[in-house]
Structures are given as C-alpha cells and as structure tokens.
C-alpha cells in the first residue's frame, strides 16, 4: 500500500513515465550503510535515493559542486574516492550524458564495498535531453556485458515500459502533461492497445520497445 501511494503521488505530479517506472523499481530495494548518488543534488523532487527502503545515509555528487551536492566528480576520469568507500552507488540518468563512459564501470566497482550494490538506469526510447549534452542510448545487453566484464555479480537488468503505444505516449508526455484528463485517457488507450498487440506477439513488448533500462548488480 505504501508503494502504491508513493507511485500515485509521482503520477499526480506529472513526472515522466520513464521516471515512474524507474521509481517503481527503486521501491523494491532495501539499502543500508553509506551510499552515494552520482549526478544528483540533495533535492527531494529529483533524487532517486529517496525511494529506496532501508536507512542508508547518502552523499550527493554532481559534475559541479554546489550547496545541494556534497561533492563533485567527473565520471569520465578516475574518481577521487578511496577503494571500497561506499556500500552502494546509484547512477540514474547519467551515463547517457558522458562522452566517455569506459571508465565508469571499473571505477564504481573499485569504490563499492564487497557485498554492496551498483544500481542505476538510463533512458532508451526517450527524447534528447541535454545536461548539457546527450550522447548515447544503451541496451539491456550492453549493461549485462559491461557489468559482467567488470566483475559484478548477481546482475539483474530490466527493460522498462510496456509496448510501442506506451513508448509513444512517453515521448509525447512532455506536452500531454499540460492536458491532464486527455493525457490520462491517452495513457489508458496506450496500455489497452499494447495489451491487444501482446496477445499476438510471443516476445514481451517491453523487450522490443523499452523506454528505459534498469540495472542492479552486486560486488
């Protein structure tokens, strides 16, 4: 019931459908110990750490340090954090903004404690969103390969979404959110149409038309 209320609140606030699915995954995970969320500022509306269960204490790191981020780190370079510093590392909607990402998996493995989690998500079928640049889109197979390559274990990677019509709704959400009732009706129709298509297709449609990718791996 608590998860349902939180998701209802997110939907009412008209956050993106991608964010809705991402938060839905976060609500099922319990974290403990000291953690860090990269690409984040201490803002309840934007951080993902707020949606995990448990009593983990978080630091927030952004490319540029300000009063809302504890520290600043450039993830395209060696991270200035000691080995096994954090129990958990979060990386939501960040990787696509990095022109060089090869360093990220090995560095996050290095700073994560044994038994700790690396959790994150990236968009896939989603609008270009600069912060300040938007470079890449990554598949489920990309994360499975790179997490395994960098020695993470108990790897779980999920495609987020429902089907092609829901993916189309997600793309239009930036405009539809200004028409609440119309938006809700279109979303319901999108789910219905995808459900009808799914009857005739063996592969889960979200595996073909994901609006985002979510991953969780253990060191």
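Could you list 178, 101 in order of exposure, starting from the residue whose Cβ has the fewest other Cβ atoms within 10 Å?
Listing 178, 101 from fewest to most nearby Cβ atoms yields 178, 101.
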Among 37, 144, 25, 207, rank each residue by its count of other Cβ atoms within 10 Å, from fewest to most, as a rough exposure measure.
-> 207, 144, 25, 37
Taking 1 over the mean of 1/r across every pair of different Cα atoms in the chain, what Kirkwood radius in Å do you get?
-> 18.1
Could you calculate the FRET efficiency of residue 114 with residue 24 from 1/(1 + (r/R0)^6), where r is the beta carbon distance between them and R0 is 22 Å, rounded to 0.05?
-> 0.20
The stretch 120-219 - Rg over Rh from alpha carbon coordinates, Kirkwood radius | 1.04
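Cut-off is 10 Å between beta-carbons; in what order do 168, 26 appear when sorted fewest neighbours first?
Exposure proxy ranking, most exposed first: 168, 26.
Using square roots of five times the C-alpha gyration tensor eigenvalues, list the equivalent-ellipsoid semi-axes of the stretch 95-146 in whole Å, biggest first.
Numbers: eigenvalues 101, 33, 20 Å².
Semi-axes from the Cα gyration tensor: 22, 13, 10 Å.
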So, in nm, how far is label residue 177 from label residue 199 when the simple model puts each one 7 Å beyond its Cα toward the Cβ?
-> 3.4
Provide the descending list of Cα extents for the stretch 167-219 along its principal axes, expressed in whole angstroms.
-> 44, 33, 13
Once every DSSP H run of n ≥ 4 in the chain is given -39500 (n - 2.57) and the sum is divided by its residues, what mean residue ellipticity at 222 nm do you get, rounded to the nearest 500 deg cm²/dmol?
-> -10500 deg cm²/dmol
What translational D, rounded to a whole number of µm²/s, comes out for the stretch 27-129 from Stokes-Einstein when the hydrodynamic radius is the Kirkwood one over Cα pairs, at 20 °C and 1.002 mPa s?
-> 153
Placing each pseudo-label 7 Å from Cα in the direction of the beta carbon, residue 134 and residue 74 end up separated by a distance in nanometres of 2.4
Across 182, 94, 71, the residue with the highest GNM fluctuation in the chain (Cα network, 10 Å cutoff) is 182
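Every number in this text was worked out from the coordinates using simple rules, so none of it is lab data. In this text the structure is predicted, and so the values were computed from the model without any measurement. Glycine gets a Cβ as well: all are built from the backbone with ideal geometry, and neighbour counts include every protein chain shown.
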